[in-house]
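Visitor: Below is the structure I would like to discuss, written out as structure tokens.
Derivation of every value follows stated rules applied to the coordinates shown; laboratory data play no part. Note that the structure is predicted; figures quoted are calculated from it, not measured. All Cβ positions, glycine included, derive from the backbone under ideal geometry; neighbour counts span all protein chains shown.
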Amino acid sequence: MNNVIYLKGKLYPKMTEQAIIAGCLHNDPFSQRELYSRYSPKMLSVCYRFAQSREDAEDMLQEAFIKIFTQIHTFQNKGAFEGWIRRIIVHTCINFLKKYKKFNENVDLQYAQNQPSKDETIASIMQGKQVIESIRLLPVGYKTVLNLYAIEGYSHKEIGEMLDIEESTSRSQFTRAKAMLETILIKKRIIERPKEDFKWLAVLN
């Protein structure tokens, strides 16, 4: 049964990634449905980390998949197809937020610059739903930079270009975001008060 899918009361052979791409290139509705059903759950969770609400996340997802279907001809089989999809998802989320938010707002530069800067490896603690919800409590600028740098792997230079802010602002927001998130996690008793060398951040994929 792993090689078939169930759709509208009928069984169909499960499509390979290459077959899905080929079908989508010809605007085949079945291939488009298969692509959406295969990748949308994971990509919705990416949108949810950036969004202010579930509704915003769903809007981001729908807008991104329209781009995916219309731009699929630009995928050149260089790198993972899922990685290509994820980049479109992330950029769509950023463009969505830029319509309404200014990423220079709510930046306490003096506080941020006085925080210790640690290139921490991010730990398995970040896998939990409680931590995702805690990230969503951060101000939009902090949350966005934290997601882009710590989770999506963009550099501060790249983030600055994406958000139309200075590279130093991205660094400051990230430092402040780590401090604020740590405080939230401690208050919620998700983590204990960390020791100086305790690496508590983790990558969410």
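Visitor: Which parts of segment 68-97 would a label at Glu58 reach, counting a residue when its backbone N lies under 13 Å from a point 7 Å out along Cα-to-Cβ?
Guide: Those under the cut-off are none; the list is empty.
Visitor: While we're looking at this one, here's another question. Return the sequence-ordered ³J(HN,Hα) values of segment 185-192 in whole Hz as given by the Karplus equation 6.51 cos²θ - 1.76 cosθ + 1.60 applied to θ = phi - 60°, using x for Gly and Pro.
Guide: Per-residue couplings from phi come out as 5, 5, 4, 7, 6, 7, 10, 7 Hz.
Visitor: All other residues with a Cβ under 13 Å from the Cβ of Val90 taken together, and with Lys, Arg as +1 and Asp, Glu as -1, what is their net charge?
Guide: So the surrounding residues net to +2.
Visitor: Let's test the formula: R0 of 25 Å, r as the Cβ-Cβ distance of Gln71 and Lys188. What FRET efficiency results, to the nearest 0.05?
Guide: Computed FRET efficiency for Gln71 and Lys188 comes out at 0.05.
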